[in-house]
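Down below is the structure, laid out as structure tokens.
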Amino acid sequence: MFRNPFRVTDLWILLGFIFVYTAVFDSKLDVGGDNAGYFILGQSIYSGQGYTDLHLPGASKANHFPPGYPAIISLFMMFSDDFTFLKVINGFFFFLSLLMLHRIFERMTTSKSLAWMALAFTLVNGHLLRSSTIMMSEMSFLFFSLASLGCLIKWNDQEISFWKSKWFWSLVLFCTISYHIRTAGLALIAGVGLYMLFQNKWKGAIAFAVGFIILSLPWFLRGKVLGGNSYLTQLVQVNPYRPEEGILDFSGWIDRISENFFRYLNQEIPNGLFPNFQVIYSVEEPQGYFIQGLIIIILITIGTSKMPKLKMMWLGYLLASIVILLLWPSVWFGVRFMLPLIPFLLLSTLVGLSISLNWIQLKLFGSTRLKSIYLIGLVGLYPLSFLGTLRANSQSEMPVEYANYFNISRYVRSSIPENSIVCTVKPSLFYLYSSKTSSRIPSLIDKKDFILRLEELGITHVVVDQLGYSSVGRYLLPVIQEFPERFNLILQLPNPDTYLLEFNPKKEDL
């Protein structure tokens, strides 16, 4: 495997990637706060200010996002810190991932046609394509996780002791990098360890674990000094967005696992593999696809159990990922957390479908009259229609509520004092255009405590937006209505109404 670093087939993959990627590329800034957070951390590293949250009061040391992706961004900032440039870098990671996937798929299936089909499904998957056009960690994680699996395969092929193999030590390094890009990369670590145990490579498994722990220790110890990893803290909370609800008890864990299981079955898996099964999470009872999800899971099970090669490698990764996903806070919904699994889930689904179609033909006709790959090709037409949606989104204007939010941010950049501190629902997004220190809306129900917290933070301005996040209506608006004398209107943008208010820091009897 990987004997020839470049093959003619790679050129076809490149041409297909360029055609699809340029058709759906979205130059607009993604409106999720995480991509702004990654950019700010990369900016902090590049500017020599360490791993700090530049946008927060006091520019405190960062301890939420793992440092891998910001470090990658900072390297490319040597060339440009333009948003579009950094988005394209993620597209480059996706292309390199496709090259590795094709080799791995061929090895796993021993079928060139199935490998090409799975790669085509991966290339046109709307979720993967979207992630390759925004400043998020998924594509770099996909690249390094695949590099890890490639090293694992190379080491397994050598059949030599781990300490003699450069591929084994490269595996340890790439797995550690993957973990430092995404905390959920623990599933990859556990999956690789499980595979080694399945293969009775006990010494290798122990060496792998020790090597990973040693390389991960600095980040872990840094987190301990700063009060613990925030992801792990949020993991045990009932709702990370409402800390007042407390910590999960035993029944809470059971409820979370059950809720996550049925959500992945009903929504995430069918939508993740076939984005045409769209799920709108804003309604009280999101539309689900139980039957489709059940069929896909059955096909994945068949495909995994009958995978011609490297079955145990994929099974270890899958089982470890399932555990992580079931324990993840249910309010962190969406396909994003299963994104690195999508290529392999697609491959397993196609292998399962191929086996099932051949079995059905044998039962009905006594022979396979039509190759299953041609029948699967008909299914392949289905996800193509979603590319039109992605292309339409890429050519659309910024949503007006976000346009107003960013216009408020641009106004703040030039029109309020440099030492101002703004309280807003998305501090990192707001900072990108304002360059002003910003702070998240405090999650405090008590109105007097809320005011006191604003004073403690040194807040000078607040933003009332229409972005749809509950913290504005749940925490901020009731305080403004209760103490209107503490807030002065500075700027109002209409349709929808978005406000910049000055907070009066003068202490009064509340």
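Values in this text are rule-based calculations from the coordinates and carry no lab data. Keep in mind that this is a model prediction, so the values were computed, not measured. Methodologically, a virtual Cβ is constructed for each residue, glycine included, from the backbone with ideal geometry; neighbour enumeration extends over all protein chains shown.
Which semi-axes, in whole Å and largest first, does the equivalent ellipsoid of the stretch 147-247 have when worked out from the alpha carbon gyration tensor as the square roots of 5 times its eigenvalues?
Square roots of five times the eigenvalues give 32, 14, 11 Å.
How big is the antiparallel share of DSSP beta bridges in the chain, given as a percent to the nearest 5?
Counting DSSP beta bridges with both partners in the chain, the antiparallel share is about 65 percent.
List every residue whose amide H lies under 5 Å from the amide H of Ser439, counting only residues 5 or more places away in sequence or on a different chain, with H placed 1.01 Å from N in the peptide plane.
Val422, Cys423, Thr424
Need one number for the chain: average projected area of the convex hull over its C-alpha atoms, nm².
Taking the Cα atoms of the chain, their convex hull projects to 26.5 nm² on average.
Would you list which aspartates and glutamates come within 15 Å of Lys61, measuring only between C-alpha atoms, while excluding same-chain residues fewer than 8 positions from it?
Output for Lys61: Asp53.
What dipole magnitude, in Debye to the nearest 20, does the stretch 247-329 give about its Cα centre under +1 on Lys/Arg Cβ and -1 on Asp/Glu Cβ?
About 600 debye.
So for each of 168-175, 415-422 I average, over its residues, the number of other beta carbons within 10 Å; can you give me the resulting order with the highest mean first?
The packing order, highest mean first, is 168-175, 415-422.
Rank by packing, highest mean first: peptides 302-311, 388-397, with packing defined as the count of other Cβ atoms within 10 Å averaged across residues.
302-311, 388-397
Can you tell me the order of 65-73, 456-464, 256-264 when each peptide is scored by its average per-residue count of other Cβ atoms within 10 angstrom, highest first?
So the order, starting with the most tightly packed, is 65-73, 456-464, 256-264.
Among DSSP bridges having both ends in the stretch 400-503, what percentage is antiparallel? Round to the nearest 5.
Once the DSSP bridges in the stretch 400-503 are tallied, antiparallel ones form about 60 percent.
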